[in-house]
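The values are calculated or read from the model by the stated rules, or taken from the named source; none is laboratory data. No experiment lies behind these values; they were computed from the predicted model shown. Cβ coordinates were reconstructed from backbone atoms using ideal geometry, including for glycine residues, and neighbour counts include every protein chain displayed. With ligands, DNA and RNA removed, areas are computed over all heavy atoms of the protein, side chains included. Shrake-Rupley method; radii C 1.70, N 1.55, O 1.52, S 1.80 Å.
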Amino acid sequence: ILLEFPMASPLIALLLFGGALPSAHGSRVTSSTVGVRRTFNSMAWRKFMSLNRKERASNRDQSRVQKLGEVHESLQRGSMLKVLASLNSEESFPALKNDLLIRAARGENVEKVPVWMHRQAGRYLPEFRNFSDRFPFMHRCSTPEIATRLTIQPVERFGLDAAIIFSDILVLLPVLGVEWGMVKGKGPVVSEPINTPEDLVRIRSVTPTDIRNELGYVMEALRRSRTELDGKAALIGFSGAPWTLMGYMVQGEGAKSTAAVKAKGFMYQFPEASHEFMSTITDAVVHYLVEQVRSGAQMVQVFDSWAGELTPEMYAEFSTPYLKQVATRVKQELKDQGLPEVPVSLFPKGASSHALAALADSDFDVISLDEFIDPIKARQIAPNKVLQGNLDPSVLYLPPNVIQGETRKMIDKFGTQRYIANLGYAVDKSMDPDLVGAFAEEVHRYSEEINQLVPAETSSEMATA
């Protein structure tokens, strides 16, 4: 719409984001949504009818005419969000040639197991260090050209089946009203943590507009990455889970050195305020994931990195319900807005053994497992879910023949269907890229060999059983 009608952008903004906009002179311009829509309908229809016969004769302009007709009809129905979604649709990106990950995530049969790794873009790669040695972390995250390059590097090197956007779970914190930064030798640090329920007045209720305005650099990196991948691998977007984000905002720094004592104490002392806080964060996470899909993400994953810091009882009360909300609401929003209904994944790090049963009764398509649960047991607990994981990352420090052997054992337990290979946690900066590559290569080689011996349908039935 904006390409066809540049002058209509204020009207589109009015339809999407409310009844008041700043004018060029700084004053407020208000209008009835119905009136604006009627005006815009008229403009669209006049533009549609003004296309001359010569234009309509060409294939390209035939498509243009059809699109404008669809726009007019959609506007008549008041489906503005669906119109915008269609214009920023899959058609504007290269076709996905390697759809192995997406098929596996949907539970469809695959010829070999797809593989990608948490933190696959990292300092262990010399090509990554070419950027990390020159630019601070947040500069890399907030510069779409750099973030795109870092996103794609592991796919180019290892032939992985997915790229995950280079970003950080904490980029959502400033949108919620909490500032943070990276401190050398300490990691992420929140400048003014939430200490009491009274501090929650600083937390903002986030809207999709806030996400687009403040995290536009993430969306641009997604669009660029999707285009530059050229269909060679699926693109994954992500967010931190509500509990993990809350933990950072209250604790003020990472859980590794603090055991999240302060964050857990807040929950014990102020359960009602904690639930209110979690609800606000959940809204933001939902909006953030939906906007990532709008910008080209073909799968989204929720990282509950602090899941293992809570007792099973606390996790069941303060994390699981909100995780379930995220999955259900993201899927509903994608459907309502006419966006691609992409697979939704969850990684409850450190809580796989006790949380999997409850999470099996959720709308997540994929559950990623840490290394502390046996794949056979996980299949029994969650037979309805696609599973992801869960090689012990420490294996990647060992000789190639050991990596290959452990990878084969893992695949034998999971099966080759309804499964995505990954690590139980993440690639470490001290790992050797060649050994990391040995893992990815063996996943493909061994699973393809199995599938040539065992029909995919049989393997799928075995995985479900």
TODO: Under 13 Å from the Cβ of LYS262, count the other residues' Cβ atoms, weight Lys and Arg +1, Asp and Glu -1, and hand me the total.
DONE: -2
TODO: Between PHE372 and GLU91, take the C-beta separation as r, use R0 = 30 Å, and let me know the FRET efficiency to the nearest 0.05.
DONE: 0.10
TODO: Pull up all non-local amide H partners of ASN390: gap of 5 or more, or a different chain, and H-to-H distance under 5 Å with H placed in the peptide plane.
DONE: ASN422
Task: Solvent-accessible area of MET138 with every protein chain in place, 1.4 Å probe, in Å² to the nearest 10 - done: 70 Å²
Task: Candidate residues THR328, THR320: accessible-area rank, largest first, probe 1.4 Å - done: THR328, THR320
Open item on the list: Whole-Hz ³J(HN,Hα) for each residue in the range 342-350, computed from phi via Karplus 6.51 cos²θ - 1.76 cosθ + 1.60 with θ = phi - 60°, x for glycine and proline: what do you get?
Closed with: 7, x, 10, 10, 9, 10, x, 4, x
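Residues of the range 125-183: accessible area per residue at 1.4 Å, in Å²? Don't jump to the answer; show the numbers that get you there.
Working: 2090 Å² over 59 residues.
The answer is 35 Å² per residue.
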TODO: First measure r as the distance between the Cβ atoms of ARG123 and GLU272, then evaluate 1/(1 + (r/R0)^6) with R0 = 41 Å and state the FRET efficiency to the nearest 0.05.
DONE: 0.45
- [ ] Using Cα positions and a limit of under 12 Å, work out the aspartates and glutamates in reach of LYS413, with same-chain residues fewer than 8 apart set aside.
- [x] ASP374
TODO: Starting from the Cα-Cα distance between GLU156 and GLU449, subtract it from 0.36 nm times their residue separation and give me the gain in nm to one decimal.
DONE: 103.1 nm
Open item on the list: Less than 11 Å Cβ to Cβ from TRP180, Lys/Arg counted +1 and Asp/Glu -1: what total charge do the surrounding residues give?
Closed with: -4
Open item on the list: With the crude spin-label approximation of a point 7 Å out along Cα→Cβ, what separation in nm comes out for ASP428 versus GLU228?
Closed with: 2.9 nm
TODO: Using a 1.4 Å probe and counting only protein heavy atoms, arrange ARG123, ARG226, ARG329 so the residue with the most accessible area comes first.
DONE: ARG123, ARG329, ARG226
Task: Reduced Cα scattering model of the range 310-465, Debye log10 I(q)/I(0), q = 0.09, 0.11, 0.20 Å⁻¹ - done: -0.33, -0.49, -1.23
Task: Distant-in-sequence amide H partners of ASP304 (H built 1.01 Å from N, under 5 Å) - done: ALA241, PHE347, LYS349
- [ ] Convert each backbone phi in the range 433-444 into a coupling constant with the Karplus relation 6.51 cos²θ - 1.76 cosθ + 1.60 (shift: θ = phi - 60°), then list the ³J(HN,Hα) values in order as whole Hz, x for Gly and Pro.
- [x] x, 5, 6, 4, x, 4, 5, 4, 5, 5, 4, 5
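What pairs in LYS256/LYS409; LYS377/LYS409; LYS186/LYS256; LYS264/LYS349; LYS349/LYS409; LYS349/LYS385 have C-alpha atoms more than 19 Å from each other? Walk me through the intermediate numbers first.
Details: LYS256/LYS409 30 Å; LYS377/LYS409 15 Å; LYS186/LYS256 10 Å; LYS264/LYS349 17 Å; LYS349/LYS409 22 Å; LYS349/LYS385 17 Å.
LYS256/LYS409; LYS349/LYS409, as the Cα separations exceed 19 Å there.
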Open item on the list: Modelling each spin label as a point 7 Å along the Cα-to-Cβ direction, I'd like the THR196/LEU398 distance in nm, to one decimal.
Closed with: 5.3 nm
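For an R0 of 22 angstrom, estimate the FRET efficiency from the Cβ-Cβ distance between GLU111 and ASN384 and round to the nearest 0.05. If you can, show how the numbers build up before the last one.
Values: r = 23 Å, r/R0 = 1.04.
Efficiency at R0 = 22 Å is approximately 0.45.
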Open item on the list: Let's see if you can work this out: charge +1 on each Lys and Arg Cβ, -1 on each Asp and Glu Cβ, no other charges. What is the dipole magnitude of the range 246-347 about its Cα centre, in debye to the nearest 20?
Closed with: 180 debye
TODO: Please give the length that would be gained between LYS409 and ASN213 if that part of the chain were fully extended, namely 0.36 nm times their separation in residues minus their C-alpha to C-alpha distance (nm, one decimal).
DONE: 65.9 nm
